[in-house]
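Worksheet: the structure to be examined is printed underneath.
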């Protein structure tokens, strides 16, 4: 049973380009969380999605960032017109239900490292 | 010893010694806590958890202590090994009606010296 899969593992973009980060949750999981980790810092919550719905986007920057989790296919985190400050590791985690983590633990992927040149 | 600066705090310990990593959390309503280990180039890996109605929990070579009075969490690693070198994060779950709500601490880098 594959874990949470993120691709690409590394992504290099020039300023102004678009970045698309993909996350395939664990089999049977329909809840996805995206986190951003700046160098030498902890993980910061960005957005929580359930299939076809954004549940909580309180951690998303107001501009240039968007996320989706379609009925079919992976969750996508999209960053338009990237700037150097977007350089970070982006992690996705999934769970099988919206319940308490004791009953529905989070499973993390290995992240996508975005470098903006 | 432990150092704090512009970068992640780093704890250096000799192989075979015990390590203690500390974490302060902010929300007295948090009901569940997890310690994660993150190795270079990888995602967070679950180590041990504790509910807020407990003050101590033991695993294999690891112990988590919770002091709700001062909102403090610690991770103790016995007989530290080179493979324990990593960044360690605590995470607190702030309960809500729907979905999980983890807030991560800033992390501590553990460096095991031969």
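With respect to residue A:114, determine if the residue is under 20 Å from residue B:101 (Cα atoms) and part of a strand (DSSP E or B).
no
Condition first: touching a strand residue (DSSP E or B) at 6+ places or on another chain (Cβ under 7 Å), part of a loop (DSSP other than H, G, I, E, B) and under 23 Å from residue A:14 (Cα atoms). Now tell me which residues in segment A:66-109 satisfy that.
Within segment A:66-109, A:82, A:83, A:87 qualify.
Could you check how many residues of segment B:62-104 are free of Cβ contacts under 8 Å to residues at least 60 places away in the same chain and exposed (fewer than 15 other Cβ atoms within 10 Å of the Cβ)?
9
Do any strands (runs of 3 or more DSSP E) lying entirely in segment B:28-106 carry at least 2 residues that are in contact with a strand residue (DSSP E or B) (Cβ under 6 Å, 6 or more places away or on another chain), modelled with pLDDT of 95 or more and within 11 Å of chain A (Cβ to nearest Cβ), and which ones are they?
Values: elements: B:32-38, B:45-51, B:56-58, B:62-67, B:72-77, B:86-93, B:102-104.
Fully inside segment B:28-106 and qualifying: B:32-38, B:45-51, B:86-93.
Which residue pairs have Cβ atoms under 9 Å apart, sit 6 or more places apart or on different chains, and have a first residue in segment A:60-74 that is on the phi > 0 side of the Ramachandran plot and a second that is in a loop (DSSP other than H, G, I, E, B) and loosely packed, with under 15 Cβ neighbours inside 10 Å?
If the second residue must be in a loop (DSSP other than H, G, I, E, B) and loosely packed, with under 15 Cβ neighbours inside 10 Å, the pairs left are A:64/A:80; A:64/A:81; A:64/A:83.
Residue A:3 versus (1) crowded, with 20+ Cβ neighbours inside 10 Å; (2) within 14 Å of chain B (Cβ to nearest Cβ): which is the lone unmet condition?
With (1) crowded, with 20+ Cβ neighbours inside 10 Å; (2) within 14 Å of chain B (Cβ to nearest Cβ) applied to residue A:3, the lone miss is (1).
Mind counting the residues in segment A:27-54 that are under 15 Å from residue A:92 (Cβ atoms) and either more than 9 Å from every other protein chain (Cβ to nearest Cβ) or in contact (Cβ under 8 Å) with a residue 40 or more places away in the chain (or both)? Explain how you work it out, then say what you get.
Residues of segment A:27-54 under 15 Å from residue A:92 (Cβ atoms): A:27, A:29-37, A:43-51, A:54.
Okay, now just the ones that are also either more than 9 Å from every other protein chain (Cβ to nearest Cβ) or in contact (Cβ under 8 Å) with a residue 40 or more places away in the chain (or both), so A:27, A:29-37, A:43, A:46-47, A:49-51, A:54.
Final tally of qualifying residues: 17.
The values are calculated or read from the model by the stated rules, or taken from the named source; none is laboratory data. For clarity, every value in this text was computed on a predicted model and none was experimentally measured. Note that each Cβ is placed from the backbone with ideal geometry, even for glycine, and that neighbours are counted across all protein chains shown.
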